[in-house]
Amino acid sequence: MPRAGKDFQTTFRVKRGWTAIARVENPDGQNIVPGTITSIQCVVRRANKSPDPKTLDQSLTVASVVFTELQTSDSRWAKDNVGYNFLYEVPGSAFDVAGAHYVVEFVFTPTTGEKYSVIYEGSAKSTYNA
């Protein structure tokens, strides 16, 4: 499961939204819930371009993307029967160049302790309708 400080590989589609769906754990290995997080920042960067430009930098509403109960009835979650507690649709406008390497970083600010990140990275592939 995505745990603070780990990176995950994925593939993005040019001009298509990408869904981050995960069971996120804090650095102590506990599932996050809305009451333990004060803010979440989503930053998308095009990593193979100098200087590393941001294509998205936005604050997320914690109550809209973090769930108190693990979600198990969503067909998009196929990893296990335990469920997920974090869901956010990154807009397709963040992935604007085919072949570019992107880094999507979610920075979590907990109610106590230090900030931590969950990072996804991968290349953007073309789609026929992009």
Matching residues, segment 109-121, being surrounded by fewer than 18 Cβ atoms within 10 Å (Cβ to Cβ) and either of a type in the set (Gly, Ala, Ser) or out of contact with any helix residue (DSSP H, G or I) (no Cβ under 9 Å at 6 or more places or on another chain) (or both): Thr109, Gly113, Glu114, Lys115, Ser117, Ile119, Glu121
Taking segment 36-70 and keeping only residues that are at pLDDT 90 or above, touching a helix residue (DSSP H, G or I) at 6+ places or on another chain (Cβ under 7 Å) and either crowded, with 18+ Cβ neighbours inside 10 Å or under 25 Å from Arg13 (Cβ atoms) (or both), one is left with Ile37, Ile40, Val44, Leu56, Val62, Val66
Taking Val82 and the conditions (1) touching a residue at least 60 places away in the same chain (Cβ under 8 Å); (2) of a type in the set (Val, Ile, Thr); (3) out of contact with any Phe, Trp or Tyr (no Cβ under 9 Å at 6 or more places or on another chain), which numbered condition does it fall short on, given that it satisfies the others? (1)
Would you confirm whether any residue within segment 97-108 is of a type in the set (D, E, K, R), under 12 Å from the mean Cα position of the chain (by Cα) and surrounded by fewer than 18 Cβ atoms within 10 Å (Cβ to Cβ)? yes
Can you find, within segment 25-35, the residue that is surrounded by the most Cβ atoms within 10 Å (Cβ to Cβ) among those that are at pLDDT below 95 and assigned to a loop (DSSP other than H, G, I, E, B)? Asn26
Conditions (1) under 16 Å from Lys125 (Cα atoms); (2) touching a Leu at 6+ places or on another chain (Cβ under 8 Å) -> Gly17 fails only (2)
Checking the condition under 21 Å from Val103 (Cβ atoms), touching a strand residue (DSSP E or B) at 6+ places or on another chain (Cβ under 7 Å), in a strand (DSSP E or B) and not charged (D, E, K, R), which residue from Thr55, Thr38 passes? Thr55
Evaluate the following for Val97: is it assigned to a strand (DSSP E or B) and of a type in the set (A, V, I, L, M)? no
Segment 110-124 residues that are closer than 25 Å to Thr10 by Cβ, paired with ones that are among the acidic types (Asp, Glu) and part of a strand (DSSP E or B) (beta carbon under 6 Å, 6 or more apart): Ser117/Glu105; Ile119/Asp7; Ile119/Glu105
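The values are calculated or read from the model by the stated rules, or taken from the named source; none is laboratory data. On a predicted model such as this, the values are computed, not experimentally measured, just so you know. Note: ideal-geometry Cβ built from the backbone for every residue, glycine included; neighbour counts use all protein chains shown.
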